[in-house]
């Protein structure tokens, strides 16, 4: 009789505990928290040439994000996603001190490359942030190559003492008349020809243009401004206009 009484008590206590659990939100399966480590993998969108990107151009990115409930940082997450809610911040080259180019909760988006991006190789960095703004260790990088900082050539400095004429500055692109042709070498150098002017832009950000017997060297994409100073040494005349130097050799 005592054994039967104990079993009945156990059954009653079990039913009471089950009823209490069902009445409490903490026992609901809807509050399961995802604590897995977030990951992100980014890639350039299809049919986009990442080896020939212009400053100011938009680059399509497709990201695969796992263990993150993507949510706009301005939107408050539900109770069951406080721990795993997050979003992406996109940077160029530096994700530690630079400001992000884009903040998004999308996995397919366009990021605009800054207009002052230098010629050469760069990395677009995607980093996962928690919803409270805390950066995670989940990052992914995709490489791009910026080829030229300007689509048209600048006009060289005016003639100075010694009568040397300024050359044609800037990296050449395709002008309005369609008279410019450009080629890119395997090392990344861009050679553009407009009439009798040939400009070569290297990967370090320097452009050298030659017109007849005058050669001008300047930062890629720059336009010579300011006063022109020229010196003549025998048959060689050197003119400097701002950050552009032109050397003319007498024929």
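What the table below lists for this structure:
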item	result
Number of the exception - residue 224 against (1) assigned to a strand (DSSP E or B); (2) closer than 27 Å to residue 121 by Cα	(1)
Qualifying position, being closer than 23 Å to residue 119 by Cβ and either assigned to a loop (DSSP other than H, G, I, E, B) or modelled with pLDDT of 80 or more (or both), among 248, 208, 183, 231	208
Some residue of segment 59-70 being touching a helix residue (DSSP H, G or I) at 6+ places or on another chain (Cβ under 9 Å), free of Cβ contacts under 8 Å to residues at least 60 places away in the same chain, more than 16 Å from residue 125 (Cα to Cα) and buried (at least 16 other Cβ atoms within 10 Å of the Cβ)	yes
Residue identified as under 21 Å from residue 220 (Cβ atoms), surrounded by fewer than 13 Cβ atoms within 10 Å (Cβ to Cβ) and in contact (Cβ under 8 Å) with a residue 24 or more places away in the chain among 133, 115	115
Residue within segment 211-220 that is at pLDDT 80 or above, surrounded by 19 or more Cβ atoms within 10 Å (Cβ to Cβ) and in a loop (DSSP other than H, G, I, E, B) present	no
Subset tally (residues that are in contact with a strand residue (DSSP E or B) (Cβ under 7 Å, 6 or more places away or on another chain) and surrounded by fewer than 20 Cβ atoms within 10 Å (Cβ to Cβ)) for segment 201-210	5
Flag for residue 105 being at pLDDT 95 or above and on the phi < 0 side of the Ramachandran plot	yes
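The values are calculated or read from the model by the stated rules, or taken from the named source; none is laboratory data. Just so you know, these numbers come straight off a predicted model, no measurement behind them. For neighbour counting, all protein chains shown are included, and Cβ atoms are generated from backbone atoms with ideal geometry for every residue, glycine included.
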